[in-house]
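Just below is one structure, and these are the notes that go with it.
The values are calculated or read from the model by the stated rules, or taken from the named source; none is laboratory data. Quantities reported herein were computed from a predicted structural model and do not represent experimental measurements. Note that we place each Cβ from the backbone using ideal geometry, even for glycine, and neighbour counts take in every protein chain shown.
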Amino acid sequence: MTAARAGKEHTGLRGPGWPVLMLRVAGAGLLIATGAIHLDLYLTGYRTIPTIGWLFLLQVIAAFALGLAVLVTGGRFVIAGRLVAAAGAGFALATLGGYLLSVWIGLFGFREVRTTAGIVAGVIEVAAFAVLAALALAPAQADAAGQAPADGAAKAPADGAAATPSRFPARIPPAAARAAATIAAALAVAGLVLLAVAEAGASSPAPAATSTTAGLKTTVIGGTTVLTNAKGFTLYSFAPDTPTVSKCYGSCAAYWPPVTGTAPASSGLPGTVGTITRTGGAHQLTYNGHPLYTYIGDAAPGQAKGNNLNLNGGLWHEVPVSR
C-alpha cells in the first residue's frame, strides 16, 4: 500500500512538470531570440542612433539575462520562477509597446518603418508574453499532487493534518489565475492586432523626397553649408554607393528615401547635378557623383539627424556644398 501510494504520488508529480518545462524552455528561447534580433540591429547600425542605440543595448542585455533566468529558475524555486516569468512577460510587452510607439509617433526623434526584422521581432514578443504569462500562472508542480510547493512556506504537518495554504505567489488561487489568464490572453490578442495595424499603417514615407522641378537648395547646419531639397530637408550620401549605382534598396530605402526626378539644365549650384537609373526605372538625383537621399528621422527642415550614422550597411553623410 505504501509503495503503491508513493508511486501514485510520484506519477502525479511528473505529469504537470513536462508542460511547465516546455513553457520554460519556449519562453527562454523566445526572449533570447528577440534579444538576438535586437543585437543584430544594434551591431549593424542602430548603435549610432542617439538614445535609441543605448536602449537597444539595454534591451539586448535584459533579454538575454531574463532568458537565462527563466531557464534556471522554477522547479523547487516556485516563487522565483513565477516572478522571473512575470518579469519576462512584462519585458516582452514593454518592448512591443516601444516598437509600436516608434512606428506610430517616433521615439527620441527616431521613427521606425515597416521591416521584416521589425515584424518578426513583434510576433516573437507577443509569443514570449503569452508563453511567459502562462508559465507565471501555471500550477506549481507539487500543487497538482495536492501538496504545498517546496518553497511555498507552508508544509504538511508530520501527523498528516491538512496543510495550510502557501502564500501568494507560490500558489495562486484558481479564481485569480483564471482572471489573470483571461487578461493575459486579451493582451496577447490586442498586441497582435495592434502590431498588424501598425505594420499596415507603416509605410515608406518620403517626407523630404522631391523632384528637381522645384530645385535643390542649400542651408547652413552647424556652421556647414549643406545641400537640401526644395522643402529645406537635408540631403545625404551613402558611402557604399558608386557614381552610377545606388546600393540602398528595400528597408534601406524606407529609412533613406531616394531623391527622384530629373536633373535641371542649370541648378545654380557649384557642383554637378545628374541622375542615375534605379532598379525599376526611377531616376535618382546625384550631386558630384553621389546619389542623394533624405532621412525619415529629420522631422523638419534644418535638421541633420542622419549625418555620420552607420546604418543599413554603411555610413551616411550630409552633402556639403562649397562655394
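Six or more apart or on different chains, Cβ under 8 Å: which pairs go from a residue in segment 179-205 that's over 11 Å from L96 (Cα atoms) to one that's charged (D, E, K, R) and modelled with pLDDT under 90? Could you list them?
Once the first residue is over 11 Å from L96 (Cα atoms) and sits in segment 179-205, its partners that are charged (D, E, K, R) and modelled with pLDDT under 90 give E199/R114; A202/E112; A202/R114; S203/R114; S204/R114.
Under 8 Å between Cβ atoms, at least 6 apart or on separate chains: pull out the pairs that start in segment 88-114 with a residue that is in contact (Cβ under 8 Å) with a residue 12 or more places away in the chain and on the phi > 0 side of the Ramachandran plot and end on any residue that is among the charged types (D, E, K, R) and part of a loop (DSSP other than H, G, I, E, B).
Between residues of segment 88-114 that are in contact (Cβ under 8 Å) with a residue 12 or more places away in the chain and on the phi > 0 side of the Ramachandran plot and residues that are among the charged types (D, E, K, R) and part of a loop (DSSP other than H, G, I, E, B), the close pairs are G106/E112; G109/K305.
Scan G29, G67, G81 and give me the residue that is under 23 Å from A181 (Cα atoms), of a type outside the set (A, V, I, L, M, F, W, C) and modelled with pLDDT under 90. Talk me through it step by step, then tell me what you get.
Details: G29 fails: modelled with pLDDT under 90; G67 fails: modelled with pLDDT under 90.
The unique qualifying residue is G81.
When only residues in segment 265-291 that are in contact with a Phe, Trp or Tyr (Cβ under 7 Å, 6 or more places away or on another chain) and either over 16 Å from N229 (Cα atoms) or in contact (Cβ under 8 Å) with a residue 60 or more places away in the chain (or both) count, which is surrounded by the most Cβ atoms within 10 Å (Cβ to Cβ)?
Ranking the candidates gives V273 first.
Hey, among the residues in segment 249-263 that are of a type outside the set (G, A, S) and surrounded by 15 or more Cβ atoms within 10 Å (Cβ to Cβ), which one's farthest from T225 (Cα to Cα)?
Looking only at segment 249-263, we keep the residues that are of a type outside the set (G, A, S), and these are 249, 252, 255-260, 262.
Within this subset, residues satisfying the condition of being surrounded by 15 or more Cβ atoms within 10 Å (Cβ to Cβ) are 252, 255-260.
On the way: C252: 26, Y255: 23, W256: 21, P257: 21, P258: 21, V259: 19, T260: 22 Å.
This residue is C252.
Go through segment 48-86 and report how many residues are under 20 Å from L315 (Cα atoms) and touching a residue at least 24 places away in the same chain (Cβ under 8 Å).
The total comes to 5.
Look at segment 59-78 and say how many of its residues are in a helix (DSSP H, G or I) and surrounded by fewer than 20 Cβ atoms within 10 Å (Cβ to Cβ).
Adding up the residues that qualify gives 8.
Quick check: anything in segment 194-212 within 33 Å of the chain's Cα centre (by Cα), modelled with pLDDT of 85 or more, closer than 30 Å to W104 by Cβ and buried (at least 16 other Cβ atoms within 10 Å of the Cβ)?
Our first condition is that a residue be within 33 Å of the chain's Cα centre (by Cα); within segment 194-212, this holds for 194-210.
Right, trim to modelled with pLDDT of 85 or more and you get 194-197.
When the remaining residues are screened for being closer than 30 Å to W104 by Cβ, the result is 194-197.
Now narrow it down to the ones that are buried (at least 16 other Cβ atoms within 10 Å of the Cβ): 194-195.
Yes; the residues of segment 194-212 include at least one that is within 33 Å of the chain's Cα centre (by Cα), modelled with pLDDT of 85 or more, closer than 30 Å to W104 by Cβ and buried (at least 16 other Cβ atoms within 10 Å of the Cβ).
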